[in-house]
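See structure below.
The values are calculated or read from the model by the stated rules, or taken from the named source; none is laboratory data. Treat the numbers as computed from the prediction; the structure is a model and nothing was measured. So basically every Cβ, Gly included, is an ideal-geometry build from the backbone, and we count neighbours across all protein chains shown. Remember, those area values only see protein heavy atoms, side chains included, never the ligands or the DNA or RNA. Shrake-Rupley method; radii C 1.70, N 1.55, O 1.52, S 1.80 Å.
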Amino acid sequence: MSWIRRCSLIAVVAAGVLAPNAHAATWSEIPSNTAEDITAIEYQGSDRFWFATGAGKIFKRVAGAFQQKATVPGTVFKDIEFQDGGGLVGFAVGTNGVVMRTGDAGDTWVPIVGIVGGRQTSVNDCTSSDEPIADVDSVRFAGNTRAWLVAGGTQIYRSAAGATAANVGSTGAGWQYANDDGATCRIGKDIDDLFPIPGSDSVYFISKDFGAVFFSSNALTSAATLKPADAGNGFQATRRVTGDPANPNRQWAVTPDGEGVSYYSRTTDGWSTSDYWTIGNPDRGTLTRAEGVDFNGGTVTAVGAAGMIVDSIDGITFFFDPAGGAVATQNWRAVSLASGADAAVGGTGGKLVVSTNANVIPDIVAPTGTIGGPASANAGQATTFTAQVTDNAGGSGVDPAGFGWSVPGLPGQTGASAAFTFPSTGSYTVKLTFRDLAGNSGETRRTVSVGTEAPPPAPPPPPPRPTFAFPPKSKPPVVGGAARKKGKFVRINVSGSLKPPAGVSSARACTGKIALTVSKPKGKKRTLTSATATLSKTCKYKKSLRVRRTRIGKLRSLKLKVAFKGNVAIGASSVRYTVPVR
């Protein structure tokens, strides 16, 4: 969790790196090549990625895969830190006074021995100069030429003055015990973690003892000042602190000593005052025992037990943003941010997840909606209603599978629309529930008045149908016309009359056209000719048609259809005749 690289990223956030339409960070699990608990992470980019385990192993990412680079049996590594800007020096520290150093970007590691000074178990005696270093809780760079260690009791060490970026902390003699002024402790508390301000001698020290905060402006060459505020509840477990290098007054601290907001603290004035963290989506999780916190590029991320990951982009309001899936309830132990967007989180069982959009806060605004459809309906008839739902601007979008419909006493339905058949008259309440893709839910209702439908009016009776009268001279009365061969044609003379039904006068009935169709009795292309005749006022019609003899051939009879389409007084009627050919 180095600090120098973070300064260059503040401008990126100010320029608007966030994607406002996204709805949460996306965490992806990647192989770690170990099943041991990951207890410390240093993530500076895809090609500068290291972690250490609770079983004494140190891993480095090489060509996209993690390779084990060191083993210290019996050690629980608590922290790992590298120089910024491509620096080659890094430290991994842990129990039993273990301080491992690399000078080649983590390919090889050597133990640093001979670091002594200060009582391991006492916070009142800082004058001892020969007691070996105890369990090391934290290592921090304050620039590539200075580093700090904090260990058990009052053991605080800084790298020797005059060190270079290449040899900083390279031997036991390269570390100076920093908490002894010859008579009393410069800090009389058991220190867990510290926040050195890059490029300066100013350092904040955080104690186990209910988060007491001490400040030194001269690299602890004189007694530190106790700040008025504290860094949160707790007094036993290792506390973690992170800060904003561009504005060191902004810092955040957590501890696994307990659950709830009292173990999560922040300051905007260098611990003159402090506040608990505000949770923007408290319905999505619980603040469990926190194991790690980091800042970079405007983003603060903290992790802990039971899958807890919380993010903030303003340092004030935090949002639960768990990884989900198979690691939804993973116990996370360490976090490191390579930028405001890029984060890595490690936990028990060697689980490791990364994100490229850690600076995207979850969507916590529910969509809104109304129900489209009629306000009244008829009992026994299906009535359709539609969902009219919109999400907030920049939200995650309406979930198309998130619609639910209900009416008391009727089966529920799903989908963007629903059809309900109300069994009886009365007032019914239609309820629609919906949600967005981030899980925010909403609902709306509407009241429907249900009555009975009036029976439809009886259809009017069909108009009476006329009949056809045969020509009076037709014997037998089956001929509606006569066909005579004449030259190259056969002439069909059609005549007849329409007989109005009872009660309808000829004046009303005898208007309109008579359709006449002459066809063969059988075969293809049966229709030979057609025409229309106009009804006279006495309901008579008459028409002469002709057909070439070559089309009739040796046929001795033709078919004649006489059809009346009807008018306002009478209905349609038709009749077919057989017409002899002579």
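Let me know the charge dipole size of the chain about its Cα centre in debye, to the nearest 20, where only the beta-carbon of Lys, Arg (+1) and Asp, Glu (-1) is charged.
That gives the chain a dipole magnitude of about 13120 debye.
Give, in nm to one decimal, the length gained when the segment between residue 29 and residue 237 is fully stretched (0.36 nm per residue of separation minus the Cα-Cα distance).
Working it through step by step, the gained length comes to 72.1 nm.
Counting Lys and Arg as +1 and Asp and Glu as -1, what is the net charge of the other residues whose Cβ lies under 15 Å from the Cβ of residue 266?
-4
With every protein chain kept in place and ligands, DNA and RNA left out, what is the accessible area per residue of the chain? Probe 1.4 Å, answer in Å².
With the other protein chains kept in place, the chain gives 44 Å² per residue.
Where the accessible area of the chain is counted over protein heavy atoms with a 1.4 Å probe, how much of it, in %, is carbon and sulfur?
Using a 1.4 Å probe with all protein chains present, the chain comes out at 53 percent carbon and sulfur.
Between residue 225 and residue 429, what FRET efficiency follows from the Cβ-Cβ distance if R0 is 41 Å, with the result rounded to 0.05?
E(calc), rounded to 0.05, equals 0.05.
Apply the Karplus parameterisation 6.51 cos²θ - 1.76 cosθ + 1.60, with θ equal to phi minus 60°, to every residue of the stretch 566-576 and state each ³J(HN,Hα) to the nearest whole Hz, in sequence, with x for glycine and proline.
Values per residue, Gly and Pro as x: x, 8, 5, 9, 9, x, 6, 7, 8, 8, 10 Hz.
How large is the dipole of the stretch 95-242 about the Cα centre if only Lys and Arg carry +1 and Asp and Glu carry -1, each at its Cβ, rounded to the nearest 20 debye?
280 debye
Rounded to the nearest 5, what is the percent of antiparallel bridges among the DSSP beta bridges in the chain?
Of all bridge pairs located within the chain, approximately 95 percent are antiparallel.
Give me the lysines in straight-line cross-link reach of residue 351: C-alpha distance below 25 Å, same-chain residues under 8 apart excluded.
Residue 351 reaches 57, 60, 69, 78.
Where does the chain land at 222 nm, in deg cm²/dmol rounded to the nearest 500, when only DSSP H runs of n ≥ 4 count, each adding -39500 (n - 2.57), divided by all residues?
Computed ellipticity for the chain at 222 nm equals -500 deg cm²/dmol.
Using θ = phi - 60° and the Karplus form 6.51 cos²θ - 1.76 cosθ + 1.60, what ³J(HN,Hα) does each residue of the stretch 522-529 get, whole Hz, x for Gly and Pro?
Karplus values, whole Hz, x for Gly and Pro: 7, x, 6, 6, 6, 5, 9, 6.
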